[in-house]
Amino acid sequence: MSAHGTAGRAADGQQGAGDLAPRAREVAQDEVVDLARDLIRIDTSNPGDGSGPGERAAAEHVAALLHEVGLQPEYVEGFPGRGNVVLRIPGDERGTAERGALLLHGHLDVVPARAADWSVDPFAGEIADDCLWGRGAVDMKDMDAMLLAVVRDLARTGQKPPRDLVVAFLADEEAAGVQGAEWLVHHRPDLFEGVTEAVSEVGGFSVDLDGRRAYLLQTAEKGLAWLRLVAHGRAGHGSQVGTDNAVTRLCAAVARIGEHEWPVEYTATVRQFLQGVSEITGVAFDERDPSALLATLGTTARWVGATLQNTANPTVLEAGYKHNVIPGTASALVDCRYLPGRQEELLATIRELAGERVDVETVNESVALETDFAVPLVDRMRDALEAEDPGAAVLPYCLAGGTDNKSFSHLGVRGYGFAPLRLPAGMDFAGMFHGVDERVPLDALRFGVRVLQRFVATC
């Protein structure tokens, strides 16, 4: 199906607030694939230890695209090479006074990709099978490109949004935003003055539920606690009897934590989501055993299943420096994610499981979020989706991971995940995040632009 044909039908059938002339809508659709492709070709891998190439090249590229249509973004670096681009677009003064400004944000960094594991070059931006392939295709240079297409179209057409928009392209999200959103919140809060709500990644994508398409709109996300365990023992010769071995003590602690069964709990968002899935599929929501209901979600069940409980996954072990030397200390890293309101409970459990002579240190932490689904901003998202995909359902859901909305919450900003993509049934979208052969359908990118155009015109 051509972009022209898709846009034409949507425009013909949906008139009123948020609609644009068909050709104006098509211009943004026409360029979104190239915008995403060019961003993928700029390697912004973020290993989390400061050794990556940084985001400067991508941020300068984004700034140039905005300058090209007459906009005046600000380029900001809190750390060398870690580029951020922030733009404010004045909207209707009355709307801004009533609702505050709206933040639209995306991150420019990506997790590393091992080329040998991929069937294509992860940074070539190849197009095959009607999809754009490459690292960042879904996390989240697709959304970056959609935002760029919509914002550039606003500048070209002179359309004024109903409230002030702040548009931000950020560094370091894949390392909890320490050198990106978090730094900006603490050092440049003026850039986000008056912002009350934010929209970013990992929401608005479709899943197939018993033959009916449903879009999952992210209204909550689990909190993050990256912990380091440090076990202490007696250093000595490897030939000695090991009665006080730090490695043994660490391994026992890691095993207890990794094998711990966390209780299932239903937050308000997760409960509402599962009730909605039950209504659509006809499968009962059994709180004691939700496995049958989760099975209706296909590959998305992995994401949703992780939002039913706290999690703690050991990820790195470090000990020793020579085969015949017993080290005095041994350490491990544990990735913990907790439900809203369950941070202290999680940390207390980890300390208990770690046991004696094992210190529990916090490497990084960020808050859990949960916000309302029944609000006007969500209504605008739903309206935009339903205008492009009539009859589809829209459900709230909780993200097992995290986004830069955590950082912006410290400014009192309510964050949502809304990067709209209409996906083919059966596509393992959840597996694309940080996975091998990451890709996004070209038609989904164009669909996302149309939805975001409608949303921005009525937000």
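The values are calculated or read from the model by the stated rules, or taken from the named source; none is laboratory data. Not measured: the values here are computed from a predicted model. All Cβ positions, glycine included, derive from the backbone under ideal geometry; neighbour counts span all protein chains shown. When the accessible area is computed, the model is the full protein with side chains, heavy atoms only, and any ligands, DNA or RNA have been set aside. Shrake-Rupley method; radii C 1.70, N 1.55, O 1.52, S 1.80 Å.
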*Scan the range 118-126 and give yes if some residue there is at pLDDT 95 or above and not in a loop (DSSP other than H, G, I, E, B), otherwise no.*
no
*Which residues, counting only those in the range 245-294, are in contact (Cβ under 8 Å) with a residue 60 or more places away in the chain, open to solvent by 70 Å² or more (accessible area, probe 1.4 Å) and basic (Lys, Arg)?*
256
*Does the range 152-160 include one or more residues that are touching a Cys at 6+ places or on another chain (Cβ under 8 Å) and part of a loop (DSSP other than H, G, I, E, B)?*
no
*Which ones in the range 416-438 are among the charged types (D, E, K, R) and either buried (at least 22 other Cβ atoms within 10 Å of the Cβ) or under 23 Å from residue 209 (Cβ atoms) (or both)?*
422, 428, 438
*Considering each residue of the range 228-244, count those that are β-branched (Val, Ile, Thr), open to solvent by 70 Å² or more (accessible area, probe 1.4 Å) and not in a loop (DSSP other than H, G, I, E, B), and give that number.*
0
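Conditions tested, residue by residue: (1) on the phi < 0 side of the Ramachandran plot; (2) without any contact (Cβ under 8 Å) to a residue 24 or more places away in the chain; (3) out of contact with any helix residue (DSSP H, G or I) (no Cβ under 6 Å at 6 or more places or on another chain); (4) crowded, with 24+ Cβ neighbours inside 10 Å.
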| site | (1), (2), (3), (4) |
| --- | --- |
| 342 | yes, no, yes, no |
| 378 | yes, no, yes, no |
| 397 | yes, no, no, yes |
| 405 | yes, no, yes, yes |
| 414 | yes, no, yes, no |
*asked:* Taking the condition of being closer than 18 Å to residue 272 by Cα and of a type in the set (A, V, I, L, M), how many residues in the range 210-240 meet it?
replied: 4
*In the set 370, 386, which member is acidic (Asp, Glu), open to solvent by 30 Å² or more (accessible area, probe 1.4 Å) and within 19 Å of the chain's Cα centre (by Cα)?*
370
*Since residue 62 meets every condition but one in (1) open to solvent by 20 Å² or more (accessible area, probe 1.4 Å); (2) touching a Phe, Trp or Tyr at 6+ places or on another chain (Cβ under 6 Å), which condition does it not meet?*
(1)
_Return the pair list, or none, for Cβ contacts closer than 6 Å from residues in the range 97-108 that are under 23 Å from residue 202 (Cα atoms) and touching a residue at least 60 places away in the same chain (Cβ under 8 Å) to residues that are assigned to a strand (DSSP E or B) and hydroxyl-bearing (Ser, Thr, Tyr), at least 6 apart or on different chains._
105/200
*May I ask you to say which residue of 177, 242, 236 is over 30 Å from residue 390 (Cα atoms) and in contact with a helix residue (DSSP H, G or I) (Cβ under 6 Å, 6 or more places away or on another chain)?*
177
*Can you tell me which residue among 212, 234, 271, 249 is basic (Lys, Arg) and out of contact with any Asp or Glu (no Cβ under 9 Å at 6 or more places or on another chain)?*
212
*Within the group 307, 299, which residue is hydroxyl-bearing (Ser, Thr, Tyr), surrounded by 16 or more Cβ atoms within 10 Å (Cβ to Cβ) and closer than 30 Å to residue 269 by Cβ?*
307
*Filter the range 82-117 for residues that are among the basic types (Lys, Arg) and assigned to a helix (DSSP H, G or I); which is most open to solvent (accessible area, probe 1.4 Å)?*
94
*Has the range 174-190 got at least one residue that is more than 25 Å from residue 80 (Cβ to Cβ), open to solvent by 10 Å² or more (accessible area, probe 1.4 Å) and not hydrophobic (A, V, I, L, M, F, W, C)?*
no
*Tell me, please, whether a residue that is farther than 29 Å from residue 265 by Cβ and at pLDDT below 95 can be found in the range 426-435.*
yes
*What are the residues in the range 195-212 that are in a loop (DSSP other than H, G, I, E, B) and open to solvent by 50 Å² or more (accessible area, probe 1.4 Å), if any?*
210, 211
